[in-house]
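Have a look at the structure below before the remarks.
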Amino acid sequence: MMTAQEITTRINVLLDEHGPEGSRFRPDLLALLKTLIDDTKAKLEQQLIADNDGTGCAENLSVFQDNLIIALHDLATTHFYPSINPSTSEHLSVVAVGGYGRGTLAPGSDIDLLFLLPYKQTAWGESVVEFILYILWDLRFKVGHATRSVDECIRLARSDTTILTSVLEARIICGDPELFKELVARFDKDIVAGGSQKFIREKLEERDARHKRSGESRYLVEPNVKDSKGGLRDLHTLFWIAKFVYGTKNTSELVDTKTFSQEELDVFKHCEDFLWTVRCHLHFLTGRGDDRLSFDKQTDVAERMGFKSEGRVKQVELFMREYFLVAKDVGDLTRILCAVLEAQEVKTLPRINEFLKRFTGNIKLLAGQEAFRLDRGRLNFSDTDECAKNPISMLKLFEVSARENIAIHPDAYKNIHHSLDGIDDTVRYDPETNASFMAMLL
């Protein structure tokens with residue numbers, strides 16, 4: 001992977017040859033950078049085909065993009081718009097936001113940048129920003145960008161959840177580090193503190209609206225790897241919520257904050273890597289940021305990912321089965337996180353909990369259904385070991401929920417998720433299991 005200094009060294013050769021104002025400098029600069037970009041992407045594509053490490057591919061692309069922007073910023077501030085004695089306003093941080101802020105980038109993804117200012121824009125700052133943007137546009141990058149002061153970022157984050165989320169994942173690339181530290185400190189103090197309930201509600205509502213637009217089933221025949229139910233965006237939503245509520249810096253900290261068990265974190269990482277691998281292959285195959293896993297690309301992706309036909313089952317069928325299992329796991333992780341958040345809400349908001357008890361009650365057993373109880377108005381197992389002792393109760397829970405029109409408690413979903421190995425042929429062919437299943441159908 002070419003470093004920022006190595007890119008700068010190559011650019012300096014052109015500067016020595018043409019000078020910054022020379023008529024050949026800009027076209028030769030663009031030709032040089034285009035070659036570096038194409039070579040890097042070609043190497044990463046071959047590496048992806050060899051190891052199918054989609055997360056690694058996305059992280060490497062992000063590092064290369066960082067290095068390219070660092071080199072352009074250095075070129076702008078050293079050779080074109082140097083600031084010898086900068087005023088307090090002549091400072092700038094170049095910040096990655098959105099998906100790019102997470103340190104991952106698909107081959108055809110947009111680049112989201114925040115040009116962070118201490119106060120209002122200056123002529124120097126405007127010149128530097130325009131220089132970087134025009135080069136990126138000439139290189140055919142799709143760039144989402146904003147130029148804002150720290151005060152503007154905080155003000156807009158208060159009223160716009162999309163901007164709030166972008167700042168939540170902000171990461172400095174280059175420029176003034178103290179300016180970025182000020183943004184982070186102000187964000188933690190003015191936005192994060194005390195705002196978790198609103199953020200959780202809005203992100204889950206945003207997720208539901210996205211599912212309605214892209215299709216509410218996890219089992220679409222041509223799913224969108226990023227936006228469909230069970231896709232990458234759902235995983236990102238889980239992390240955004242955990243980061244906002246618990247301050248997690250990376251996925252490994254989800255265990256430290258008791259958000260997930262180690263087993264659940266392993267599932268999270270498997271889902272994330274699988275979906276990133278599919279997405280990166282798609283972008284390389286189509287040559288653009290197309291996230292729809294269409295029929296005509298499914299076989300190509302399955303081939304690249306090393307799936308082999310088994311008897312009468314074709315490789316593409318095995319691949320799509322794995323995709324749908326991953327989408328299901330993403331849904332399970334969502335329910336697990338909701339269970340954790342609900343328990344946390346009860347602990348941190350006791351007054352609200354007391355208020356809710358007036359309407360839902362706390363915990364009470366259901367008459368004639370000793371295996372279950374009402375827990376804050378939702379159906380739960382009476383005993384946390386119920387699933388292990390009586391696996392049929394997992395199915396009975398859904399039967400009672402449907403018959404009595406009672407929502408299922410998130411803890412019950414988590415309990416079921418950890419007990420699925422108890423469903424064997426003895427349970428499957430038990431008459432009580434079949435009766436319960438038929439009762440739900442009828």
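The values are calculated or read from the model by the stated rules, or taken from the named source; none is laboratory data. In this text the structure is predicted, and so the values were computed from the model without any measurement. Using ideal geometry, Cβ is built from the backbone for each residue, glycine included, and neighbour counts are taken over all protein chains shown.
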Open item on the list: Looking for something touching a residue at least 12 places away in the same chain (Cβ under 8 Å), surrounded by fewer than 15 Cβ atoms within 10 Å (Cβ to Cβ) and touching a Gly at 6+ places or on another chain (Cβ under 9 Å) - is there at least one such residue anywhere in the range 103-124?
Closed with: no
TODO: Identify the residue in the range 263-287 that is more than 15 Å from GLY54 (Cα to Cα) and among the acidic types (Asp, Glu) and, among all such residues, is surrounded by the most Cβ atoms within 10 Å (Cβ to Cβ).
DONE: GLU264
Open item on the list: So in the range 165-183, with the set limited to residues that are assigned to a helix (DSSP H, G or I) and at pLDDT 95 or above, which one is nearest to LEU36 (Cα to Cα)?
Closed with: PRO177
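What number of residues within the range 62-87 are under 18 Å from ASP110 (Cβ atoms) and touching a residue at least 60 places away in the same chain (Cβ under 8 Å)?
Qualifying residue count for the region: 6.
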TODO: Exactly one condition in (1) more than 18 Å from ILE49 (Cα to Cα); (2) part of a helix (DSSP H, G or I); (3) in contact (Cβ under 8 Å) with a residue 60 or more places away in the chain; (4) among the acidic types (Asp, Glu) is not met by ASP290; state its number.
DONE: (2)
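Counting only residues that are among the hydrophobic types (A, V, I, L, M, F, W, C) and in a strand (DSSP E or B), which one in the range 93-110 is nearest to GLN65 (Cα to Cα)? Spell out the reasoning first.
So the first thing to find is which residues in the range 93-110 are among the hydrophobic types (A, V, I, L, M, F, W, C), and the list is 94-97, 105-106.
If we keep only those that are in a strand (DSSP E or B) too, we end up with 94-96.
Working: VAL94: 12, VAL95: 12, ALA96: 10 Å.
Result: ALA96.
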Open item on the list: What's the total number of residues in the range 309-332 that are out of contact with any His (no Cβ under 9 Å at 6 or more places or on another chain), part of a helix (DSSP H, G or I) and either assigned by TED's automatic domain parsing to the domain that holds ILE416 or farther than 19 Å from PHE295 by Cβ (or both)?
Closed with: 4
Task: Scope the range 293-330; condition under 14 Å from LEU220 (Cα atoms), surrounded by fewer than 19 Cβ atoms within 10 Å (Cβ to Cβ) and of a type outside the set (D, E, K, R); matching residues - done: SER294, PHE295, PHE324, LEU325
Task: Total residues in the range 23-40, condition out of contact with any Asp or Glu (no Cβ under 9 Å at 6 or more places or on another chain), surrounded by 12 or more Cβ atoms within 10 Å (Cβ to Cβ) and over 25 Å from GLY287 (Cβ atoms) - done: 0
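So, in the range 200-227, how many residues would count as being closer than 17 Å to ALA157 by Cα and touching a Leu at 6+ places or on another chain (Cβ under 7 Å)?
First, pick out the residues of the range 200-227 that are closer than 17 Å to ALA157 by Cα: 200-203, 206.
Next cut, touching a Leu at 6+ places or on another chain (Cβ under 7 Å) only: 200.
The total comes to 1.
Using the structure shown, decide if ARG233 is out of contact with any strand residue (DSSP E or B) (no Cβ under 6 Å at 6 or more places or on another chain), assigned by TED's automatic domain parsing to the domain that holds VAL245, at pLDDT 90 or above and outside any loop (DSSP other than H, G, I, E, B). Steps first, please.
Numbers: out of contact with any strand residue (DSSP E or B) (no Cβ under 6 Å at 6 or more places or on another chain): yes; assigned by TED's automatic domain parsing to the domain that holds VAL245: yes; at pLDDT 90 or above: yes; outside any loop (DSSP other than H, G, I, E, B): yes.
Yes; evaluated as a whole, the condition is true for this residue.
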Task: Flag for ARG155 being surrounded by 13 or more Cβ atoms within 10 Å (Cβ to Cβ), without any contact (Cβ under 8 Å) to a residue 40 or more places away in the chain, under 16 Å from the mean Cα position of the chain (by Cα) and farther than 30 Å from THR78 by Cα - done: no
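Would you point out which residue out of VAL221, VAL255, VAL278 is in a helix (DSSP H, G or I) and touching a residue at least 12 places away in the same chain (Cβ under 8 Å)?
VAL278
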- [ ] Pick out the one residue from LEU14, LEU33 that is part of a helix (DSSP H, G or I) and either free of Cβ contacts under 8 Å to residues at least 40 places away in the same chain or touching a helix residue (DSSP H, G or I) at 6+ places or on another chain (Cβ under 6 Å) (or both).
- [x] LEU14
TODO: Return the total of residues in the range 42-62 being under 23 Å from CYS174 (Cα atoms) and either crowded, with 17+ Cβ neighbours inside 10 Å or in contact with a Pro (Cβ under 7 Å, 6 or more places away or on another chain) (or both).
DONE: 6
Open item on the list: Just to be sure I understand, how many residues within the range 230-244 are of a type in the set (D, E, K, R) and either over 14 Å from GLY103 (Cβ atoms) or under 8 Å from the mean Cα position of the chain (by Cα) (or both)?
Closed with: 2
TODO: Please go through the range 308-319 and pick out each residue that is of a type in the set (A, V, I, L, M, F, W, C) and either modelled with pLDDT of 95 or more or in contact with a Ser or Thr (Cβ under 8 Å, 6 or more places away or on another chain) (or both).
DONE: VAL316, LEU318, PHE319
Task: Count of the range 296-308 residues which are of a type outside the set (Ser, Thr, Tyr), touching a helix residue (DSSP H, G or I) at 6+ places or on another chain (Cβ under 9 Å) and either under 26 Å from ILE241 (Cα atoms) or in a helix (DSSP H, G or I) (or both) - done: 7
Task: Members of the range 111-141 that are at pLDDT below 95 and either in the same structural domain as PHE284 (by TED's automatic domain parsing) or in a loop (DSSP other than H, G, I, E, B) (or both) - done: PRO118, TYR119, LYS120, GLN121, THR122
